Amino acid sequence: MYPKETPSQTAGPYVHIGLTPNFVGIHGIYDQDLGASPIADGAKGEVVTITGTVRDGAGMVMRDALIETWQADAAGIYPSNDPRGVADPNVSGWARIVADFDSGEWTLRTVKPGRVPAPDGRLMAPHISLWIVARGINIGLQTRLHFEDADNDGCPVLARIEQSDRVATLMAKKTGPSDYRFNIILQGIGETVFFDL
Amino acid sequence: MSQIKPAMGHPAGGRNDARNPLIARDRDWHPAPLAPGYKTSVTRAPQRPLVAMPTTLSEQTGPAFGHGLIGELDNNLILNFTGQPAIGERIIVHGRVTDENGRGVSGTLVEAWQANAGGRYRHKKDGYLAPLDPNFGGCGRTITAEDGSYEFLTIRPGAYPWPNRVNDWRPMHIHLSLFGSGFGQRLITQLYFEGDPLIARCPIVHTIGQDKAIQSLIAPLDMNRAIPMDCLAYRFDVVLRGRRQTVFENRMEGM
Ligand SMILES: [Fe+2]
């Protein structure tokens, strides 16, 4: 028989020691923390800054949340092993972002991704895939960040969400010329849509 | 600027072909998101059902990291903080990363973090009375070899108490983070040690319902890899989500 996937366990309260040690003052082991930015200077496309928080079911801002992000470049090509072509060399597409220990705010500066086709060929809305871990999260949560002012029509993934009012939980709100806000709610009123995919 | 190298890693057409969908996760095998015995999970688990669908390129592609990233001592937690040895039982932790098809996952990043031999983390939020070890940082990383194998040299972490029920203690454990070739394979887990009586009492371990799944997180002592007069060894194999091996399904006519 086939082997089973190794079961997940919570990342725990000290996940930063392993994934962003410099951020928690452990210097000298790695030159720098991985995933500081998903883009380098010269990346093509519209550079945007997205800020947000992660809240739990009690309404508390989670100051220990760690989020990884993965996205295509402005032309909709993924920067690694995309069978359709080679991405913008100034887009790595992956970032590791941590909530501020005091405020719980996180910030992602990146380029807006292009549209990527779903397996059936229909174009998905421009999105950034998020994977959220923290103490109390037993298996990493998958969601997607979209842009409220983008062309999101015809996205087969968003169409899959039965209660269409919940689609709004996946839309980053425009707050300035190149600024967006994306608040994630793990549980309760306004709960963010999470995916099993 | 911190930058991973784009367009390196997993060639199209190989077993990591990003056109192949990932095998669906068995959510009954994984821990329950809401497990009352682990109190923090009660407010951090989604209440609404997950929106389930087959994977797309967004999950089937993922970041790649080159061997060039890894420093010489990165997988040596005994020496990588100050160059002077950390205190504790010296152990090798090693194993193989495979996918659900049983194939080795080569070239993937494995990151580890753990408490020191007294059960204390180098973290401002850890106030446990066991002292810090000035020579122990607590993290390491490596990239799997061609056959998916990896190894760390470290000290066996101590058990530690944590605020949950009045007298809960974590069994000795090492946290591990793995990537695979697709973002949908991303996994964080914990390695436990054969024979630790705290495993059976741990609410975090028991967020997992099936005993066979729990057993898969317990690393057996491996005397074949232990080095006489130097260190013991524990073996921990990791399985990441696999890919369905066909490129013919779910494709629009003519694509
Ligand atoms: Fe721990």
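Quick note: the coordinates plus some simple rules give every number you see, no bench work behind them. Remember, it's a predicted structure, so these values are computed and weren't measured experimentally. Neighbour counts are summed over all protein chains in view; Cβ atoms, including those assigned to glycine, are modelled from backbone coordinates with ideal geometry.
Here segment A:3-66 is assigned +1 on the Cβ of each Lys and Arg and -1 on the Cβ of each Asp and Glu. Its dipole about the Cα centre then comes out at about 180 debye. Calculated FRET efficiency, residue B:125 to residue A:151, Cβ-Cβ distance, R0 = 51 Å: about 0.75 to the nearest 0.05.
Using per-residue counts of other Cβ atoms within 10 Å, averaged over each peptide, order A:151-162, B:205-216 from highest down. Mind dumping the intermediate values first?
Numbers: A:151-162: 15.2, B:205-216: 17.4.
By packing density, highest mean first, the sequence is B:205-216, A:151-162.
With contributions of -39500 (n - 2.57) from each DSSP H run of at least four residues, the per-residue ellipticity at 222 nm computed over chain A stands at -500 deg cm²/dmol. For the residue pairs B:39/B:125; B:39/B:212; A:173/B:39, the alpha carbons lie more than 21 Å apart in B:39/B:212; A:173/B:39.
Dimensions of segment B:27-103 based on its C-alpha atoms, expressed as ranges along the principal axes with the largest first, amount to 50, 36, 23 Å. Evaluated at q = 0.07, 0.09 Å⁻¹, the base-10 log of the normalised Debye intensity for the protein assembly as shown, with identical point scatterers placed on the Cα atoms, takes the values -0.32, -0.55. Based on alpha-carbon atoms, the Kirkwood radius and the radius of gyration of segment A:40-97 give Rg/Rh equal to 1.11.
Cα-based values for segment A:125-187, radius of gyration first and Dmax second, are 12.7, 37 Å.
What fraction of the DSSP beta bridges in chain B is antiparallel, stated in percent and rounded to the nearest 5? Antiparallel bridges: around 75 percent, rounded to the nearest 5. Less than 5 angstrom separates the built amide H of residue B:75 from those of B:141, all sequence-distant by 5 or more or on a different chain. Here is the P(r) of segment A:41-197: all C-alpha pair distances, binned every 10 Å from 0, give 10, 41, 37, 12, 0 in whole percents. Simple spin-label estimate for residue A:178 and residue B:146 gives 4.6 nm between the two label positions (7 Å along the Cα-to-Cβ direction from each Cα).
For segment B:57-239, the normalised intensity computed at q = 0.11, 0.13, 0.16, 0.18 Å⁻¹ comes to -0.49, -0.70, -1.06, -1.30 (log10 of I(q)/I(0), Debye sum over alpha carbons, equal scatterers, no solvent).
Between the alpha-carbon centres of segment B:11-78 and segment A:180-197 there is a gap of 18 Å. Out of residues 5 or more away from residue B:237 or on other chains, whose amide H comes under 5 Å of its own, with H placed 1.01 Å from N in the peptide plane? Placed amide hydrogens put B:96 under 5 Å from residue B:237. Between amide H atoms placed 1.01 Å from N, distances below 5 Å from residue B:16 occur with no residue 5 or more places distant or on a separate chain. Residues in segment A:178-184 carry Karplus couplings, in order, of 9, 10, 9, 10, 9, 9, 9 Hz; the curve used is 6.51 cos²θ - 1.76 cosθ + 1.60 with θ = phi - 60°, and Gly or Pro positions show x.
Roughly how crowded by other chains is peptide A:70-81, in terms of the mean Cβ count from those chains within 10 Å of each of its Cβ atoms? Numbers along the way, then the final one.
Working: counts 9, 2, 3, 1, 0, 0, 1, 4, 11, 10, 16, 19.
Other-chain Cβ atoms within 10 Å of each residue's Cβ, averaged: 6.
Under the combined filter of DSSP loop state and at most 15 neighbouring Cβ atoms within 10 Å, segment A:33-137 retains these chymotrypsin sites (Phe, Trp or Tyr not before Pro): A:101.
Each listed q (0.13, 0.18 Å⁻¹) maps to a log10 I(q)/I(0) for segment A:1-111, found by the Debye formula over equal Cα scatterers with no solvent: -0.64, -1.02.
What the phi angles of segment B:84-101 give under the Karplus curve with 6.51, -1.76 and 1.60, with θ = phi - 60°, is a coupling list of 9, x, 6, 7, x, 6, 6, 9, 9, 10, 8, x, 10, 9, 10, 9, 6, 8 Hz, glycine and proline written as x. Working from label points 7 Å from Cα in the Cα-to-Cβ sense, the residue A:51 to residue A:189 distance is 2.5 nm.
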